[in-house]
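Written below as structure tokens is the structure these notes are about.
The values are calculated or read from the model by the stated rules, or taken from the named source; none is laboratory data. Because the structure is a prediction, the values reported are computed rather than measured. Please note: Cβ atoms are built from the backbone with ideal geometry, for glycine as well, and neighbour counts cover all protein chains shown. What goes into the accessible areas is simple: the full protein's heavy atoms, side chains included, and nothing from ligands, DNA or RNA. Shrake-Rupley method; radii C 1.70, N 1.55, O 1.52, S 1.80 Å.
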Amino acid sequence: MARIIVVTSGKGGVGKTTTSAAIAMGLAKKGHKTAVIDFDVGLRNLDLILGCERRVVYDFINVINGEASLNQALIRDKNCNLLYILPASQTRDKEALTQEGVGKVLDELSKDFEYIVCDSPAGIEKGANLALYFADDAFVVTNPEISSVRDSDRMLGILSSKSRRAERGEEPIKEYLLLTRYDPDRVKNGEMLSLDDVQEILSLQLLGIIPESKSVLTASNAGVPVILDEKSEAGQAYADIVSRYLGEDRPHRFIESKKGFFSKLFGGKK
Amino acid sequence: MPNNLPVLEFKSSTFFAPILILFNNDIVGIEEALEKKVKLAPEFFKDSPLIIDLSEINKHSKEIDFVQITQLLRRVGFFPVGIRGGNEQQNQQARELFIPIDTVRELTNLIITDEKNKPEVAQKSDSQAMPATKQEAIHAIPPRPVYVAATLITQPVRSGQRIYASGDLVVMSQVSAGAEIMAEGNIHVYNTLRGRALAGVHGNTAARIFCFDMQAELISIAGDYKTSEDLNKQTYRNPVQIYLQNHALIITEIV
């Protein structure tokens with residue numbers, strides 16, 4: 001049985017797709033056969049971030065509607081042969097998703113994958129609800145700003161009440177916090193919420209902090225998950241997150257500003 | 001009744017206890033039915049005092065061994081503290097077991113009228129199980145005490161979630177901004193309250209809100225409300241209680 005992870009946030013633009021691509025790649029790189037599904041039907045992006053947009057033939061909706069088999073629709077990643085992508089349909093909308101159809105696809109994937117990463121669309125409508133419905137674990141991606149924190153909080157409420165686990169009265173979804181676009185300098189200046197501020201409201205298990213980093217945009221545009229950029233802080237942060245998720249003990253990084261002795265040497269480069 | 005004895009004092013008080021009315025003398029059936037009931041709410045019934053009503057049984061002249069019934073009830077987890085509607089023999093058995101006999105009720109009981117023990121005082125026995133004025137207690141029972149269990153929430157109440165309690169509401173975890181908690185009774189939040197809290201929603205003006213860390217968006221008791229803008233900065237982030245006085249919400253710190 002695969003473990004189903006939903007990457008969710010409520011708010012848009014906080015880094016769900018970047019995170020989905022990075023952790024799916026990270027898990028596959030660690031030797032776990034992983035599938036990543038784009039639930040953002042109509043706004044297909046994951047394939048771009050993973051650089052496989054030119055190989056999309058069939059999509060998630062085709063599989064749900066029985067127009068293609070899973071094997072036809074799954075795209076194997078070029079960088080890692082244990083990673084598969086199930087792209088969203090660009091020509092349809094969220095209404096094309098059905099709980100039964102999504103459940104069937106996940107069941108089938110569960111048979112020979114270890115992890116299934118569901119990249120949730122923003123919002124709290126059908127696409128987002130179906131992305132989280134079958135989840136075992138939830139990665140709640142949050143930016144250090146109040147609207148993102150509020151939306152994450154709302155999402156957590158939905159996770160604890162509208163998932164399959166909640167409906168069946170099973171053990172609840174395990175919720176983890178991923179704080180993205182964190183800038184310790186701006187936190188220090190009081191321009192950004194600190195980790196403590198965020199945790200005061202969300203009080204979640206922190207899986208990792210991804211520092212604001214130029215390499216994220218560069219990697220996205222290049223179609224290479226940022227986790228493969230081992231030199232970048234963001235890449236390292238995602239690698240840490242994958243390791244922590246898999247049970248390794250990694251101290252948290254990127255919370256404090258590195259300004260000081262090192263900033264003199266490196267000029268505060270990120 | 002002033003009593004100047006220094007060692008003790010008698011006070012009148014009301015005591016609630018459920019009454020078990022037996023319709024049948026089938027001991028096995030009774031045991032089964034009892035266990036079924038207890039299973040539904042073990043905490044509620046655990047060590048509960050109980051008054052045994054035998055009037056239905058005696059109405060149909062069914063034989064029942066009161067000693068056996070008492071033993072059975074104790075085994076299931078009840079504390080039999082009284083008998084009513086019993087016949088001479090059953091009352092005698094009760095007396096031997098130090099279980100008080102309710103006689104007042106029997107005066108109105110048309111079926112069992114041939115008993116001679118009417119004037120008997122209920123608290124004649126040495127039983128310690130029941131406080132002094134037992135008759136009062138039993139009279140208080142027919143309009144059954146409306147007991148609504150408090151609702152306990154241990155998970156965080158997240159933004160957008162709503163919780164409604166028909167009695168008191170006790171929240172052990174935080175209540176996020178954008179969440180709404182409502183209770184017909186009191187609200188206790190043993191954590192940070194950032195959302196909306198509405199107590200006494202059915203008009204109970206005696207309801208109160210207690211919270212450990214007051215940062216609420218809105219508080220209301222029986223329809224009278226205040227938003228965070230109107231809340232006193234002094235009580236912000238402090239443990240407070242909120243109650244209603246002449247249609248004004250009073251917020252005071254709990255030391």
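Brief remarks on what is shown
- Degrees between helix A:233-245 axis and first principal axis of chain A (Cα, 0 to 90, nearest 10): 60
- Using the Cβ of B:Phe66 as centre and a radius below 13 Å, the other residues enclosed give a net charge of -1, where K and R count +1 and D and E count -1.
- Descending by average beta-carbon neighbour count within 10 Å, the peptides B:166-173, A:108-115 line up as B:166-173, A:108-115, the highest first.
- Counting only other chain Cβ atoms within 10 Å of each residue's Cβ, the peptide A:142-152 averages 1.
- For the protein assembly as shown, with +1 on Lys and Arg beta carbons and -1 on Asp and Glu, the positive-most of B:Ile221, A:Asn65, A:Ala24 along the dipole: A:Ala24
- Farthest towards the positive end of the charge dipole of the protein assembly as shown, among the residues B:Ala197, A:Ile4, B:Asn87, is the Cα of A:Ile4, using unit charges on the Cβ of Lys, Arg, Asp and Glu.
- 12 Å reach of a label modelled at B:Tyr190, 7 Å along Cα-to-Cβ, counting backbone N of region B:196-219: B:212
- Here each label is just a point 7 Å from Cα along the line to Cβ, and for B:Tyr147 and A:Leu48 those points are 6.3 nm apart.
- In summary, the aspartates and glutamates within cross-link reach of A:Lys29, defined as a Cα separation below 16 angstrom excluding same-chain residues under 8 places away, comprise A:Asp77, A:Glu114, A:Asp229, A:Glu230, A:Asp240, A:Glu248.
- Label point at A:Asn71 placed 7 Å out along Cα→Cβ; residues across region A:99-117 whose backbone nitrogen lies under 15 Å: A:108-109, A:111-113
- Environment charge at B:Ala197 (Cβ cut-off 12 Å; Lys +1, Arg +1, Asp -1, Glu -1): +3
- Relative contact order computed over region B:145-250 (Cα-Cα under 8 Å; 6+ residues apart), in percent: 18
- Under the Debye formula (equal points on every Cα, no solvent term), log10 I(q)/I(0) of region B:195-252 at q = 0.20, 0.26 Å⁻¹: -0.62, -1.07
- Inter-label distance, nm, simple model (7 Å from Cα along the C-beta direction), B:Lys46/B:Thr235: 3.5
- Förster radius 56 Å - calculated FRET efficiency between B:Glu32 and A:Glu167, Cβ distance, rounded to 0.05: 0.95
- Counting only alpha carbon atoms, the long axis of helix A:146-162 and the longest principal axis of chain A meet at about 40°.
- Cβ-Cβ distance of A:Leu246 and B:Asn246, R₀ of 56 Å, FRET efficiency by 1/(1 + (r/R0)^6): the value works out to about 0.35.
- Euclidean distance of C-alpha centroids, region B:46-100 and region A:48-98, integer Å: 73
- Taking a sphere under 12 Å around the Cβ of A:Glu248 and counting the other residues whose Cβ falls inside, with K and R at +1 and D and E at -1, yields a net charge of +1.
- Total charge dipole magnitude, the protein assembly as shown, about the Cα centre, Cβ charges on Lys, Arg, Asp, Glu only, Debye to nearest 20: 1320
- Accessible surface, region B:151-221, averaged per residue in Å² (probe 1.4 Å): 36
- Between B:Asp224 and B:Gln89, the simple spin-label model (points 7 angstrom out along Cα→Cβ) gives 6.3 nm.
- Comparing the full protein assembly with the isolated chain (1.4 Å probe, heavy atoms, ligands and nucleic acids excluded), the residues of region B:175-190 losing at least 10 square angstrom of accessible area are B:Ser176, B:Ala177.
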